[in-house]
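Working notes, beginning with the structure itself.
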Amino acid sequence: MRKLNNDLIPSNGGSLLKESNVRILWASWHILTVFGWGMAFILLWLARQSNKFTRDEYIVIVSAIAISMLVGAIFIFIGTKAKHPGWVGLLLVAIFVWLG
C-alpha cells in the first residue's frame, strides 16, 4: 500500500489489494481525523457552554462521546494487538471526558 507516485490518493495495493480497497482504506483513515477534530470542537464548545444545558442533556452528550472513544480504543487495541498507539490516545480522551 505504498505511495509510488505523486498522486494525492494512493492506489497501489500490490498483489494483495485492489485499487478500490486501497482508496477506501485511505479515505477511512483520514475521515477519522475529521471526526476527531469534530469531537474536539464539540468538547471545547461544551466546556464553554455547559451552563446552558440541563444536567441530563450534558450527561447524554458527554457520555456518548466518552463511550465512543472507549469503544474505539478497544477496537484498535484488539485489531492491532496493541501495536498501534492510537488506542492509548482514544483511551485518554475517554478518561478525560469522563473526568470532566
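The values are calculated or read from the model by the stated rules, or taken from the named source; none is laboratory data. Just so it is clear, the structure is predicted and the values come from calculations on it, not from any experiment. A quick note on method: Cβ atoms are made from the backbone with ideal geometry, for glycine too, and the neighbour counts reach across all protein chains shown. With ligands, DNA and RNA removed, areas are computed over all heavy atoms of the protein, side chains included. Shrake-Rupley method; radii C 1.70, N 1.55, O 1.52, S 1.80 Å.
What ³J(HN,Hα) values, in whole Hz, does the Karplus curve 6.51 cos²θ - 1.76 cosθ + 1.60 give for segment 32-38 when θ = phi - 60°, with x put for Gly and Pro?
Coupling constants for segment 32-38: 5, 5, 4, 4, x, 5, x Hz.
Roughly to the nearest percent, how much of the accessible area of the chain is carbon and sulfur, given a 1.4 Å probe?
69
Once you wrap a convex hull around the alpha carbon atoms of segment 21-69, what is its projected area averaged over all directions, in nm²?
Numbers: hull surface 14.9 nm².
Taking a quarter of the hull surface, the average projection is 3.7 nm².
The chain: which trypsin sites (Lys or Arg not before Pro) are DSSP loop and have at most 16 other beta-carbon atoms within 10 angstrom? Let's see the in-between values first.
On the way: sites: R2, K3, K18, R23, R48, K52, R55, K81, K83; in loops: R2, K3, K18, K81, K83.
Here the sparse-neighbourhood loop sites are R2, K3, K18, K81, K83.
Compute, for the chain, the length of the dipole vector about the Cα centre, with Cβ point charges of +1 (Lys, Arg) and -1 (Asp, Glu) only. Units Debye, rounded to 20. Please report the intermediate quantities before stating the final value.
Working: 9 positive and 4 negative charges, 46 e Å.
Dipole size: approximately 220 debye.
Just from its helices, what would the mean residue ellipticity at 222 nm be for the chain, if runs of 4 or more DSSP H residues each count -39500 (n - 2.57) and the sum is divided by every residue, rounded to the nearest 500 deg cm²/dmol? Before the final figure, lay out each step's value.
Details: 3 runs with 70 residues, N = 100.
After summing the helix terms and dividing by the residues of the chain, the value is -24500 deg cm²/dmol.
In the P(r) worked out for the chain, what percent of Cα pairs fall beyond 23 Å?
For the chain, the share of Cα pairs beyond 23 Å comes to 43 percent.
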